[in-house]
Amino acid sequence: MTIQFWYVRHGETLFNRKGRIQGVCDSPLTDTGIEQAKKTAEALEDQPFDRIFVSSSGRAKETAAYLLHGRKQEMEVLDDLHEMDFGRVEGSRFTSHMDQLRTCFAMGDFTSLGGESEDQIQKRIDHAFGTIQRTCRDGDRVLIVGHGMYERIFMHHILGVDMKKLEDERAKERRNDIPTASIMTFSYDQGRYQLLTLPIESERYHPQQHDKTVHFYFMRHGECLFNVWSRMQGVSDSPLTEKGKHEAVVTTDALAGIPFDAVYTSPLGRAWKTCEMVMTKHHELQMKICDGLKEVNVGDFEGVVTNDWKMRSMNAI
């Protein structure tokens, strides 16, 4: 199973601007944060997504709303994507409780303050991404909108990124290691995650199209009356025979376990009647009639007995 991921951190918030600690507490996007979200949306506008998972925090959902503008998908809120709980220092300035904060951040553990530890975040990460894997299909392209500390732990725990090295490199460039509204890409393939691009600002992002594999199942209609009578049948039509209906039932059972995403059929009766029977095992889908799937028009040979057609062809030669 292969899944392509795009991870976007929320845009700048009021607490980000004021230098206040923000985990499970929340604050709205600033004007800058809104502009960041819009720019990230522009950077990703040509990238199709199959699923969009979002943290339950308001700032993440607010950012996701800008990313979803003009798209048909709806955001799927996943609580296990929420930011780390920093306990009693939530809402405090980073400049207060300096010794406590330095110790907690160094250990990756805020349980002494009533918050979470990195181990607890890792369990939430495993649970969240386990849910995503189970509910996605092979080849899906997934957008996640989440948080900075959560992303850092994910990068270290799952992607094997040396975060200290990244922080030092970004510091030389006077850049945040995980900028607000930044885009990170990674993939999942046969049980393994692989980093593709580190978190970067929207203006530095250069999109790469990731093709999706599509599996097609082409089913011919069941036997119909003109088949039995050996008559040529293109755009002309005739009803299914009892044998044809039985063939459709047998094929329906064979396809019952296939998780189809869409079903298309020719508008000709013999085809959509066959398709209708297949749909009895896929109630969640709606059959779509596509005129372009019609049989070839055989013109004057429509309804002609096959042997007569062969004789005409021989005489023409």
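The values are calculated or read from the model by the stated rules, or taken from the named source; none is laboratory data. Note that the structure is a prediction, hence the values are computed from the model and not measured. With ideal geometry, Cβ positions are generated from the backbone for all residues, glycine too; neighbour counts draw on all protein chains shown. In case anyone asks, the SASA skips ligands and DNA or RNA and just uses the protein heavy atoms, side chains included. Shrake-Rupley method; radii C 1.70, N 1.55, O 1.52, S 1.80 Å.
Mind checking which lysines have their C-alpha under 17 Å from Lys39, skipping anything on the same chain fewer than 8 residues away?
List returned: Lys61.
To the nearest 0.05, what FRET efficiency results for Gln100 and Lys164 with a Förster distance of 25 Å applied to their C-beta separation? Kindly include the intermediate steps, with their values, before the conclusion.
Numbers: r = 21 Å, r/R0 = 0.84.
The value I calculate is 0.75.
Quick check: the angle from helix 118-135's long axis to the longest principal axis of the chain, C-alpha only, nearest 10 degrees?
Rounded to the nearest ten degrees, it is 10.
Within the chain, which is the longest segment that contains none of the chymotrypsin sites (Phe, Trp or Tyr not before Pro) sitting in a DSSP loop with at most 12 other Cβ atoms within 10 Å?
Numbers: sites that count: Phe216, Tyr217, Phe218, Trp229.
By the stated rule (loop sites, at most 12 other Cβ atoms within 10 Å), 1-215.
Within region 21-129, list the trypsin sites (Lys or Arg not before Pro) lying in a DSSP loop whose Cβ has at most 14 other Cβ atoms in a 10 Å radius.
Values: sites: Lys38, Lys39, Arg51, Arg59, Lys61, Arg71, Lys72, Arg88, Arg93, Arg102, Lys123, Arg124; in loops: Arg71, Lys72.
Here the trypsin sites (Lys or Arg not before Pro) that fit, given the DSSP loop and packing criteria, are Lys72.
For Arg93 and Val24 in one chain, what is 0.36 nm times their gap in residues minus the Cα-Cα distance, to one decimal in nm? The partial results should precede the final answer.
Details: separation 69, 0.36 × 69 = 24.84 nm, distance 1.51 nm.
Roughly 23.3 nm would be gained on extension.
For Lys123 paired with Leu196, estimate the spin-label separation in nm (one decimal), with each label point 7 Å from Cα along the Cα-to-Cβ line.
3.2 nm
Could you name the lysines whose alpha carbon sits less than 19 Å from that of Lys164, not counting residues in the same chain fewer than 8 places away?
Excluding near neighbours in sequence, the set is Lys172.
When the Kirkwood radius is taken over all Cα pairs of the chain, what Stokes-Einstein diffusion coefficient follows at 37 °C and 0.692 mPa s, in µm²/s? Can you show the working numbers first?
Working: Rh = 23.5 Å.
This corresponds to a translational diffusion coefficient of 139 µm²/s.
Please sort by residue number the GluC sites (Glu not before Pro) in region 7-45 whose DSSP state is loop and whose Cβ has at most 13 other Cβ atoms within 10 Å. Could you put the intermediate results ahead of the total?
Values: sites: Glu12, Glu35, Glu42, Glu45; in loops: Glu12, Glu45.
When the GluC sites (Glu not before Pro) of region 7-45 are filtered for loop state and at most 13 Cβ neighbours within 10 Å, Glu45 remain.
With a cap of 12 neighbouring Cβ atoms within 10 Å, and only residues DSSP puts in a loop, list the trypsin sites (Lys or Arg not before Pro) found in region 144-187.
Numbers: sites: Arg152, Lys164, Lys165, Arg170, Lys172, Arg174, Arg175; in loops: Arg174, Arg175.
Here the sparse-neighbourhood loop sites are Arg174.
Taking 0.36 nm per residue of sequence separation and subtracting the Cα-Cα distance, how much length would be gained by fully extending the chain between Ala254 and Lys294, in nm to one decimal?
Numbers: separation 40, 0.36 × 40 = 14.40 nm, distance 2.42 nm.
Full extension from Ala254 to Lys294 adds 12.0 nm.
Please get the size of the charge dipole for region 60-123, origin at its Cα centre, with Cβ charges of +1 on Lys and Arg and -1 on Asp and Glu, quoted in debye to the nearest 20.
Values: 7 positive and 13 negative charges, 60 e Å.
Using Cβ point charges on Lys, Arg, Asp and Glu, region 60-123 gives about 280 debye.
In nanometres, what is the gap between the two model label sites at Leu225 and Val77, each 7 Å from Cα along Cα-to-Cβ?
Modelled inter-label distance: 5.7 nm.
If each residue of separation counts as 0.36 nm, what is the full-extension length gain between Thr306 and Glu284 once their alpha-carbon separation is subtracted? Can you show the working numbers first?
Details: separation 22, 0.36 × 22 = 7.92 nm, distance 4.04 nm.
Here the answer is 3.9 nm.
Mind checking which lysines have their C-alpha under 20 Å from Lys273, skipping anything on the same chain fewer than 8 residues away?
Lys243, Lys245, Lys281, Lys288, Lys294
Any chance you could look up the accessible area of Ser236 with a 1.4 Å probe, heavy atoms only, rounded to 10 Å²?
It works out to around 30 Å².
May I ask you to give the solvent-accessible area per residue for the chain, in square angstrom, as obtained with a 1.4 angstrom probe?
56 Å²
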